[in-house]
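The values are calculated or read from the model by the stated rules, or taken from the named source; none is laboratory data. Here the structure is a predicted model, which is why all the values come from computation and not from measurement. So basically every Cβ, Gly included, is an ideal-geometry build from the backbone, and we count neighbours across all protein chains shown. Just so you know, the surface numbers come from the protein's heavy atoms only, side chains and all, with ligands and any DNA or RNA stripped out. Shrake-Rupley method; radii C 1.70, N 1.55, O 1.52, S 1.80 Å.
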Amino acid sequence: MVKKIDIKIGLIGNPNVGKSTLFNALTGAKQHVGNWPGKTIEKKEGEFSFEGKKIQLVDLPGSYSLTAYSEEETITSNFILQEKPDVVVQIIDAQNFVRNLFMTIQLIELGTPLVIALNMADLAEISGVSINIKELSRLLDIPVVVISARKQTGINNLLENVLKKRNTEKTKIKLTYGTEVNDELNKIKNFIKSKEKIGKRELNWLSLKLLEGDYRAEQNLTKKPYYFELKSLVQKSISHLQNVFGKDIITILANTRYGFIEGLARKVVNRKKIKQKIKFSEKFDDIAINKFLGIPLFLFIIFLMFQATFKLSEPIMGWIELLFGFLGNNVSSLLTNLGFSSLFISLINDGIIGGVGGILIFIPIIGILFLLIALLEDSGYMARVAYVMDKLMHKIGLHGKAFIPLILGFGCNVPAIMATRTLETKKDRLLSILINPFISCSARLPVYVLFVGAFFTAYQGLVIFSLYLLGIIVAILAGLIFKKFLFKDLSSPFVIELPPYRWPTFKGLFIHAWEKIWLFIKKAGTVILAFSVIIWALASLPAGVEYGSEQSWAGSLGKTVTPVFEPLGFGNWQSSVALIFGFVAKEVVVGTFGTLYGVDNIDSLVGTESLNNALQNDFTPLSAYAFMVFVLLYVPCMAVLAVVKKETGSWKWPLFMVVYTTGIAWIVAFVVYQGGKLLGLG
Amino acid sequence: MQALTEFKKTNKLKIKHLDCGQNFKRRLAELGLFEDMEIEIIKNDNFGPLLIKILDSKIALGRGEAEKIYGEKN
């Protein structure tokens, strides 16, 4: 029987404080990712037991505050006010104690039942900063527990405090903003109280947010009959305070909060001057963000990443090949012995094992690529990349932060497009989304691997690298064009923290990568399985034709569109069919070739060889390259279009994407093929 | 009072004025950058973003934004 949840905990913290590490340490593999209701933002939850209680842990979006700068931050305050978690754990980086306390203050303002987990206290000690936990806990009236998320120490103590906290009252501490501000706050509170039945916590929070000019707080009120009266009251308060202090309201409140924090820090933080060795972080940053060396280093790292992906995945792919080869042979002889019809055996062997197996073989490549991308992200290097790329990104009307979704696109464009949510303005997001599909995702890799294996054995790494580079160049050019014609005046502020470098934990990396691999496996089991069967049917029907021959439905479908691809060098009907099916998912192109050339078990050695021979009959190295270019650039897969629809809120942009990407793909492949022929490469 | 972009590396400054939108101002305040706070310029290459130290963290700030934030040497 499923036990009911006893305690619901929210986990919150600034970026880079070890929040995911703690989340992983507590929940292990038992976590699931969904969306916040009605929002496109990821919601991560996990469950575990402690002292016989079943605990649900909700990972709140990592952010610097609870003010509605981005959609994510609204989620956090709504969660605390509406879903009323039993306890919220704020994880604080001891090395950045003061800044982290800004959020603590806001959590207190929100009336959150809070427990503080002080992480990386050991690292802070090394640099001479020690924090008096007992005093801190006493002054804030909040339990404070020292933990190390990475070494997994202090976790039981944290959970014990969480259980205790749940049984005690809410945090009692009252923040005072000084009489002037308090008076104005009270005016607003009294007004709202006279009009509305509202809880005390919500009332305090709402009044403060109104005073701060948080437009999201206001949005919920615009429909109320008393809105204009309230608004003018708030305006009066704001201008009164601004007159008294001679500063704007944001500065006034920031100063008040900071004053409180500074007073607190003076009592609990002890800073010793320690003569420090120059840290690795500083030394590495001398190169990583150097004005001349930063970008070359980044290119070198990306190049290494792809080399490593291939070298490391090769042996594992060999094992999977053996497994599927074995499976294919034995299943077909077993089915023959059992007396199944040859059509059915063909469905199982050519359709399912051939189609799905041909895709599963790429799991090692995709898994390792995602693992390495996670390494770049979690180590802190990705923020440096945003820094060094900021100037270049400005040329296409974006800033450095928008470069991160582009890199994620190397893994998969779906999460990459979702990652554009970290950008603040709609225009930035839209532009990043539109150029993202040109970044070559890992699903396109199997196609390249197939073709370089058949045509460019000597230069595999180089040829594939050139395709990735081409994708980046096309993305940049498209960005330039969009900037010129679609979004002339876009620019949102660029600010990003460069966290200290850290070795990510293996567990964290694996969970990160596994989530992505699992998505891929699910895709192989559903969409790709279904389409393998459809392709098989098209290749076998009408009844009686030779499998995958020109007379089959697939053959006539291909022949209809072939003339379009003739000038690009791949006027054979098989590649037309493969491209059509590639719309489902680009890796399907590989399976389709396998099916259409009648090669079972494309993942066995013999299979690979016979597929290579078949391809060599229909392609020249030049047309093979043009084909890869086309696969790189043409219409993104269905999943990408679906996510673009979701993120932009209409079908207009995904449809536009289909047309413009395919147009560009045709033109570039045409130039490559015809140009190559002119140069005598054909 | 000069824009942050005018300062060289290792200058310690006091922030005097921010000439940016409300929302961005709030974000900067949360990072610890607001009037009367002290910051340090870690890197200013005369192009690209500035790298500054606010409280205990390194923050990269776009050049366009840094031009609208003014400080004074202590």
Q | Lys, Arg +1 and Asp, Glu -1 on Cβ, resulting dipole of region A:294-678 about Cα centre, debye, nearest 20 | A | 1460
Q: List, largest first, the extents of the alpha carbons of region A:3-166 along their principal axes, each in whole Å.
A: 45, 39, 26
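Could you put B:1, A:418, A:382 in order of accessible surface area, largest first, with the 1.4 Å probe and the full protein assembly present? Intermediate results must be reported in sequence, preceding the final value.
Working: B:1 130, A:418 50, A:382 5 Å².
From most accessible down to least: B:1, A:418, A:382.
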Q.
To make sure I understand the rule: partners must be aspartates and glutamates, Cα under 16 Å from the Cα of residue B:43, and not fewer than 8 residues away in the same chain. Which ones qualify?
A. A:282, A:285, A:286, A:390, A:497, B:6, B:56, B:65, B:67
**Q.** Rounded to whole Å, sorted largest first: equivalent-ellipsoid semi-axes of region B:2-73, Cα gyration tensor
**A.** 16, 13, 12
Q. Loop-only check: which trypsin sites (Lys or Arg not before Pro) in region A:201-255 are DSSP coil with at most 11 other Cβ within 10 angstrom?
A. A:223
Q) Just the accessible area for residue A:103, please: 1.4 Å probe, Å², rounded to the nearest 10? A) 0
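For chain A, with only Lys/Arg (+1) and Asp/Glu (-1) charged at the beta-carbon, what is the dipole magnitude about the Cα centre, in debye rounded to 20? List each step's numbers first, then the result.
Details: 71 positive and 53 negative charges, 562 e Å.
Using only the charged Cβ atoms, the result is roughly 2700 debye.
Sorted by average packing, counted as other Cβ atoms within 10 angstrom per residue and highest first, what order do A:122-132, A:366-376, A:152-162 take? Numbers along the way, then the final one.
Details: A:122-132: 15.5, A:366-376: 22.6, A:152-162: 18.0.
Ranking the peptides A:122-132, A:366-376, A:152-162 by packing returns A:366-376, A:152-162, A:122-132.
Taking all protein chains in place and a 1.4 Å probe, what share, in percent, of the accessible surface of the protein assembly as shown do carbon and sulfur account for?
On the way: 19920 of 32990 Å².
The value for the protein assembly as shown is 60 percent carbon and sulfur by accessible area.
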Q.
Let's test the formula: R0 of 35 Å, r as the Cβ-Cβ distance of residue A:460 and residue A:283. What FRET efficiency results, to the nearest 0.05?
A. 0.50
Q: Inverting the mean 1/r over all pairs of different Cα atoms, compute the Kirkwood radius of region A:582-682 and quote it in Å.
A: 15.3
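Pulled fully out, how much extra length does the chain show between residue A:51 and residue A:126, if you take 0.36 nm times their separation in residues and subtract their Cα-Cα distance? Intermediate results must be reported in sequence, preceding the final value.
Details: separation 75, 0.36 × 75 = 27.00 nm, distance 3.43 nm.
Residue separation times 0.36 nm, minus the Cα-Cα distance, leaves 23.6 nm.
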Q: Over the whole of B:18-29, what's the average partner chain Cβ count within 10 Å per residue? Rounded to a whole number, please.
A: 6
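Of the listed pairs A:279/B:12; A:195/A:247; A:426/B:68; A:151/A:311, which have alpha-carbon separations greater than 28 Å here? Can you show the working numbers first?
Values: A:279/B:12 21 Å; A:195/A:247 31 Å; A:426/B:68 23 Å; A:151/A:311 31 Å.
Long pairs (Cα-Cα over 28 Å): A:195/A:247; A:151/A:311.
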Q) Relative to the first principal axis of the alpha-carbon coordinates of chain A, what is the inclination of helix A:381-395, with its axis defined by its Cα atoms, in degrees from 0 to 90 and to the nearest 10? A) 80
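Please compute the net charge surrounding residue A:620, taking Lys and Arg as +1 and Asp and Glu as -1 over other residues with Cβ under 15 Å from its Cβ. Walk me through the numbers before you get to the answer.
On the way: positive: A:677; negative: A:566, A:618.
Charge balance in the 15 Å sphere: -1.
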Q: Sort the following peptides by mean Cβ neighbour count (other Cβ atoms within 10 Å, averaged over residues), highest first: A:504-511, A:259-266, A:20-27, A:533-540.
A: A:20-27, A:533-540, A:504-511, A:259-266
Q. What average count of beta carbons from other chains do you get within 10 Å of the Cβ of residues in A:585-591?
A. 0
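Any of A:134/A:187; A:19/A:483; A:484/A:645; A:43/A:236; A:507/B:58; A:164/A:200 with alpha carbons more than 32 Å apart? Name them for me.
Numbers: A:134/A:187 37 Å; A:19/A:483 37 Å; A:484/A:645 24 Å; A:43/A:236 39 Å; A:507/B:58 27 Å; A:164/A:200 23 Å.
The pairs that break the limit, which is 32 Å between Cα atoms, are A:134/A:187; A:19/A:483; A:43/A:236.
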**Q.** Prolate/oblate/rounded label for region A:294-678 (Cα gyration tensor, a/c 1.5)
**A.** prolate
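With viscosity set to 1.306 mPa s and temperature to 10 °C, compute the Stokes-Einstein D of the protein assembly as shown, Rh being the Kirkwood radius across alpha carbon pairs; µm²/s, no decimals.
On the way: Rh = 28.7 Å.
Reported coefficient: 55 µm²/s.
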**Q.** Dipole axis of chain A (+1 Lys, Arg; -1 Asp, Glu on Cβ), positive-most option in A:415, A:127, A:341
**A.** A:127
Q: Place +1 on the Cβ of every Lys and Arg and -1 on the Cβ of every Asp and Glu in chain A, take the dipole about the Cα centre, and give the residue among A:140, A:468, A:485 whose Cα lies farthest towards its positive end.
A: A:140
Q. Per-residue mean of other chain beta-carbon atoms within 10 angstrom of the beta-carbon, peptide A:289-299?
A. 2
**Q.** Using alpha-carbon coordinates, inclination of helix A:652-678 to the longest axis of chain A, degrees
**A.** 50
Q: Order the following by accessible area, largest value first: A:256, A:457. Probe radius 1.4 Å; ligands, DNA and RNA are ignored.
A: A:457, A:256
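Around residue A:218, what is the net charge, scoring Lys/Arg as +1 and Asp/Glu as -1 over all other residues with Cβ under 9 Å from its Cβ? Could the numbers behind the result be given before it?
Details: positive: A:209, A:216, A:231; negative: A:214.
Computed value for this residue: +2.
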Q: Would you mind checking the tilt of helix A:227-245 against the longest principal axis of the Cα atoms of chain A, expressed as 0 to 90 degrees and rounded to 10?
A: 70
**Q.** Accessible surface of residue A:441 - all protein chains present, 1.4 Å probe, nearest 10 Å²
**A.** 10
(Q) For a Förster distance of 41 Å, can you work out the FRET efficiency between the beta-carbons of residue A:219 and residue A:485, rounded to the nearest 0.05? (A) 0.80
